[in-house]
Amino acid sequence: MSKAYNVAIVGATGAVGEQLRELLTDVNFQLGEIRLLASARSAGRKLNVGDQEIEVQELTHDSFDGIDIAFFSAGGDRTKEFGQSAIDAGAIVVDNTSAFRMDPETPLVVPEVNPDQLKNNKGLIANPNCSTIQMVAALKPIYDKFGISRVIASTYQAVSGAGLHAIEEMLNQYKAILAGEEIDAPQYLPVGGDKKHYQMAFNVLPQIDKFQDNHYTFEEMKMTNETKKILGDDQVAVSTTAVRVPVIKGHSESVYIEVKEDGVTIEDIMAVLKDAPGIVLEDDIDNQVYPQPIKAASERGTFVGRIRQDLDFERGFHMWIVSDNLWKGAALNSIQIAESLVDQGLV
């Protein structure tokens, strides 16, 4: 009889926790106990996982006895405080925060891209940033076939990436504006903990996370640094501009790459992407077929289209990449990491 794996979700009541609960019902390994963990104020709530109704428990250092895989999605501080307790109890932590992504001892994994790195784990595996995941999923097959020397990305990121409170705030702004009423003072965007907050409804905000000393935001630096780490190539030049747009779910990216080989065509790029794991090629301009976040919502794939050769540089190519930021960008990638751990006999 195959082993049943006990799993815990830390941050079970949050936006990503909700998606993890939904996706857990369709994993390719046998589930044992499902333990839902959150703050003391959420303890006692009952949440559904498939046909089970499970009571949320307060997260403590003793929450992980008997757990095989612990999904953390409750902020980096929670991972730093409780992650080692889970590891000490015998669990493998799959962390959806930025706390350990750039730690050289911690694998940063997209299962379609670098599953071999899972064997190097020391009890914790980092789930990359949502916008990084979809970009590297699309770029890795091109990188392997033709090489890539430069990446320039502009993101169009959904409000759900900032959490449930940000979604509610934006929707309330729309309701107020359409009713001819004043909106409440914004509290959550572009960054909850920053000095100023701005209206998201009918607006675009060129700031995701706080600004760094180099004038890039932390989100932009995450994409830059994580892409290099996942590809295993510090020589790839990566630069990004991260923008929040009034979309509820699904990140979009305009990505420019420069390949190393001469003579590469649009058809060559499409042929590589067509057979790439997890990639859905949607590129039929004659029929106006291209990726859209509203169509990518609650879908497992990373959608790629609008592939064009640069007008002035033969080795330059532009593409449009879309994925569900709460699925492939967070919860689904975490689930796939767990499935790969099981498949490789690492848990």
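At R0 = 30 Å, how high is the FRET efficiency between V27 and Q187 if r is their beta carbon distance? Nearest 0.05 is fine.
With a Förster radius of 30 Å, E is 0.25.
Output wanted: per-residue J couplings in Hz (rounded whole) for the range 315-331, from phi through Karplus 6.51 cos²θ - 1.76 cosθ + 1.60, θ = phi - 60°, x for Gly and Pro.
8, x, 9, 10, 8, 10, 10, 9, 7, 6, 5, 8, 8, 4, x, 7, 5
Please say if the range 209-347 is rounded, prolate or oblate, where rounded means a/c under 1.5 for a ≥ b ≥ c the square roots of the C-alpha gyration tensor eigenvalues, and otherwise the choice is prolate for a/b larger than b/c and oblate otherwise?
Rounded, because the longest to shortest axis ratio a/c is under 1.5.
Can you list the lysines whose alpha carbon is less than 28 Å from that of K145, not counting same-chain residues fewer than 8 positions off?
K119, K222, K228, K229, K260, K274, K328
Give, as ranges by residue number, the residues of the range 130-148 whose backbone N falls under 20 Å from the point 7 Å along Cα→Cβ of V289.
138
If you roll a 1.4 Å probe over the chain with all protein chains in place, what percent of the accessible area is carbon or sulfur?
46 percent
Taking DSSP loops as anything outside H, G, I, E and B, show the longest stretch in the chain free of chymotrypsin sites (Phe, Trp or Tyr not before Pro) there with at most 15 other beta carbons within 10 Å.
It works out to 1-197.
At q = 0.10 Å⁻¹, what log₁₀ I(q)/I(0) does the range 132-323 have when each alpha carbon counts as one equal point scatterer in the Debye sum?
At q = 0.10 Å⁻¹ the computed log10 ratios are -0.45.
Taking amide hydrogens as modeled 1.01 Å from N in the peptide plane, which residues meet the under 5 Å criterion relative to G50, leaving out close sequence neighbours?
When sequence neighbours closer than 5 places are left aside, there are no close amide H contacts.
What do you get when you divide the Cα radius of gyration of the chain by 2.2 N^0.38 Å, with N the number of residues?
1.00
According to a simple spin-label model (label point 7 Å from Cα along Cα-to-Cβ), what is the distance in nm between K210 and K175?
For the pair K175/K210, the computed spacing is 3.2 nm.
Over the range 1-148, calculate the relative contact order: mean separation of alpha carbon pairs under 8 Å at least 6 apart, over the residue count, as a percent.
Across the range 1-148, relative contact order equals 18 percent.
I want the antiparallel fraction of DSSP beta bridges within the chain, as a percent rounded to 5.
50 percent
Averaging sequence separations of C-alpha pairs under 8 Å and six or more residues apart, then dividing by the length of the chain, give the relative contact order as a whole percent.
Relative CO of the chain lands at 18 percent.
What's the longest bit of the chain with no exposed GluC sites (Glu not before Pro), using DSSP loop states and at most 14 other Cβ atoms within 10 Å as the test?
The segment 1-104 is the longest one with no such site.
Indicate the gyration tensor shape class of the range 146-205 (rounded, prolate or oblate), computed on the Cα atoms with a ≥ b ≥ c the square roots of the eigenvalues: a/c under 1.5 is rounded; otherwise a/b larger than b/c is prolate and the rest oblate.
Prolate.
The values are calculated or read from the model by the stated rules, or taken from the named source; none is laboratory data. Model, not experiment: these values are computed from the prediction. Glycine gets a Cβ as well: all are built from the backbone with ideal geometry, and neighbour counts include every protein chain shown. We work out accessible area using only protein heavy atoms, side chains counted, and drop any ligands, DNA or RNA first. Shrake-Rupley method; radii C 1.70, N 1.55, O 1.52, S 1.80 Å.
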